[in-house]
Amino acid sequence: MDFESGEFGTGGETLCAVELIYHGRLGADFVEFALNRARRLSLDGWISTVPEGVKVVAQGPMALVDSFEIVCSLGPIDSEITGWERSDIQAGLNHAGFVRR
């Protein structure tokens, strides 16, 4: 049987970088959750708690960055994500790996 996904996944290997700010009841569990997911996906970047929520800068293949964004929007069971903002930024972070700041 043949299956075709159409445009789904097109450009998934293209390198991209984003800045994400998650809002809600997040806490240390959310930060640890996002940190572990980013490392599992081999993304580069960092995560930090800021006054408006949790800020993430992530770089990697577009498909993995998009997947990371969606997984984080669901968060761990004890977090409540009320919204998030995404800004595309210039790829080329001078940082390998994913760290907490």
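Is at least one residue of segment 39-58 small (Gly, Ala, Ser) and assigned to a helix (DSSP H, G or I)? Among the residues of segment 39-58, not one is small (Gly, Ala, Ser) and assigned to a helix (DSSP H, G or I), which makes the answer no. Exactly one residue among Phe30, Phe68 is of a type in the set (Phe, Trp, Tyr), touching a Ser or Thr at 6+ places or on another chain (Cβ under 6 Å) and either modelled with pLDDT of 95 or more or closer than 17 Å to His95 by Cα (or both), and that residue is Phe30. If the condition is being under 14 Å from the mean Cα position of the chain (by Cα), over 12 Å from Arg37 (Cα atoms) and open to solvent by 30 Å² or more (accessible area, probe 1.4 Å), then segment 49-65 contributes Lys55, Pro61, Met62, Ala63. Going residue by residue through segment 79-98, is there one that turns out to be surrounded by 19 or more Cβ atoms within 10 Å (Cβ to Cβ) and either β-branched (Val, Ile, Thr) or within 9 Å of the chain's Cα centre (by Cα) (or both)? Taking every residue of segment 79-98 in turn, none turns out to be surrounded by 19 or more Cβ atoms within 10 Å (Cβ to Cβ) and either β-branched (Val, Ile, Thr) or within 9 Å of the chain's Cα centre (by Cα) (or both).
The values are calculated or read from the model by the stated rules, or taken from the named source; none is laboratory data. Nothing here was measured: the structure is a model prediction, and the numbers come from that model. All Cβ positions, even for glycine, are placed from backbone atoms using ideal geometry, and neighbour counts span all protein chains on display. When the accessible area is computed, the model is the full protein with side chains, heavy atoms only, and any ligands, DNA or RNA have been set aside. Shrake-Rupley method; radii C 1.70, N 1.55, O 1.52, S 1.80 Å.
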